[in-house]
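Throughout, read-outs are computed from the coordinates displayed, never taken from laboratory work. Keep in mind it's a predicted model, so treat the numbers as computed, not measured. Cβ atoms come from the backbone with ideal geometry, glycine included; neighbour counts cover every protein chain shown.
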Amino acid sequence: MPEKNGLVNPFVLSDDDGYMWLKGNLHSHSTNSDGRVSPQERVDGYVNQGYDYLCVSDHNNITFVETLTCPENFTLIQGAELHPDNPFGGDRHHFVALNISEDMDARAMPPQHVIDEVKKQGGSIWLAHPHWSGINILRDTMPLTGLAGIEVFNTTCRCAGRGESSVHWDDWMDLSGQLLPALGNDDSHAAESEARDTYQGWTMVRVKERSPVIRQRVHKFLIFSCIAGKVARLRSR
Ligand SMILES: [Zn+2]
Ligand SMILES: [Zn+2]
């Protein structure tokens, strides 16, 4: 399988070899933090909307997947949104941590320690909505090592006019000289009935099995995100 910087171009993988596309949202909130619906209601909503996978990524606390139920062909990814301080001058960080098993007091930890701890637990950690957060890639991100990639679209931040972070994505790839995978997420807080920040962002992954392979591959495959049905961007160079 041809890899570039450890990433695989999903468009070269064939259906004939058993690959399929799965659609998911890796950033959502529930009443375990500042979301408006229970964790189970959040899961049920994405199941009913035809998504294939979801992470209920509440602020600072893991929502453990064994407390949730879903159909067999749906994959729950365990994670949280973590908020270490930003020692480089910007606002407090927003990192989405996937596949972690133990809570940590990220608010009291430097960002590099949080990244290291997530990786030690076997997880991956992503820079969330840098446009909304006022992140300067050169100042706030380049001093860090080990981030998996960037959230390039965020539905709830779009409500504040700062939903797209494609310039941050470009800057980061230019400065670091590497390809970076990108996520499109809802960061859903509202109830479905409010029609504000649900079911408008997603990330497609190319996998052979729904679970548990998807958990490992989500940061392995070159990912692209779709916004309201249009491909945001797939950059290869
Ligand atoms: Zn956030
Ligand atoms: Zn969030």
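Kirkwood's formula applied to the C-alpha pairs of segment 41-104 gives a hydrodynamic radius of 12.9 angstrom. Pairs of alpha-carbon atoms within less than 8 angstrom and 6+ residues apart define the contacts here; what relative contact order does the chain have, in percent? Relative contact order comes out at 20 percent. Under a Gaussian network description of the chain, with springs only between Cα atoms under 10 Å, the residue in Thr198, Thr75, Thr31 that fluctuates furthest is Thr31. Please work out the C-alpha center-to-center distance from segment 127-157 to segment 49-68 and express it in whole Å. Using only Cα atoms to place each centre, the spacing works out to 21 Å. Rounded to the nearest 5, what % of DSSP beta bridges with both residues in segment 1-96 are antiparallel? The answer is about 30 percent antiparallel. Pairs of alpha carbons in the chain separated by more than 30 Å make up 17% of all such pairs.
Rounded to the nearest 500, the helix-only mean residue ellipticity at 222 nm of the chain stands at -5000 deg cm²/dmol, with each DSSP H run of n ≥ 4 adding -39,500 (n - 2.57).
Placing one equal scatterer on every Cα of segment 112-202 and applying the Debye formula, the log10 ratio I(q)/I(0) at q = 0.14, 0.17, 0.18 Å⁻¹ is -0.53, -0.74, -0.82.
Taking a ≥ b ≥ c as the square roots of the eigenvalues of the Cα gyration tensor of segment 59-164, is the shape rounded (a/c under 1.5), prolate (a/b larger than b/c) or oblate? Because a/c hits 1.5 or more and a/b fails to exceed b/c, segment 59-164 counts as oblate. The ranking of Ser176, Ser101 from fewest to most other beta carbons within 10 Å of each one's beta carbon is Ser101, Ser176.
Looking at the chain, the DSSP beta bridges with both ends there are about 60 percent antiparallel.
Comparing Pro181, Pro87, Pro111 in a Gaussian network model of the chain, where Cα atoms under 10 Å apart are tied by springs, the biggest mean-square fluctuation is seen for Pro87.
Where Lys and Arg each count +1 and Asp and Glu each count -1, what net charge lies around Asn73 among other residues with Cβ under 12 Å from its Cβ? That sum, taken over residues with Cβ under 12 Å, equals -2. The 3J(HN,Hα) values that the Karplus relation (6.51, -1.76, 1.60; θ = phi - 60°) gives for segment 26-37 are, in residue order, 9, 8, 8, 10, 9, 5, 6, 9, 9, x, 9, 10 Hz. Gly and Pro appear as x.
Taken one residue at a time, the phi angles of segment 144-149 give Karplus couplings (6.51, -1.76, 1.60, θ = phi - 60°) of 9, 10, x, 5, 7, x Hz. Gly and Pro are set to x. The mean sequence distance of close C-alpha pairs (under 8 Å, at least 6 residues apart), as a share of the length of segment 19-93, puts its relative contact order at 28 percent. Only the Cβ atoms of Lys and Arg (+1) and of Asp and Glu (-1) were treated as charged; on that basis the dipole of the chain about its Cα centre amounts to roughly 640 debye. Local charge sum around Arg158 (other residues, Cβ-Cβ under 13 Å, Lys/Arg +1, Asp/Glu -1)? The answer is -3. Scalar couplings 3J(HN,Hα) for segment 194-201, obtained by applying the Karplus form with A = 6.51, B = -1.76, C = 1.60 to θ = phi - 60°, are 7, 6, 10, 9, 10, 6, 10, x Hz; x denotes Gly and Pro. Taking 0.36 nm per residue of sequence separation and removing the Cα-Cα distance, the Phe64/Ser14 pair yields an extension gain of 14.6 nm. Taking a ≥ b ≥ c as the square roots of the eigenvalues of the Cα gyration tensor, an a/c ratio of 1.5 or more together with a/b larger than b/c marks segment 1-71 as prolate.
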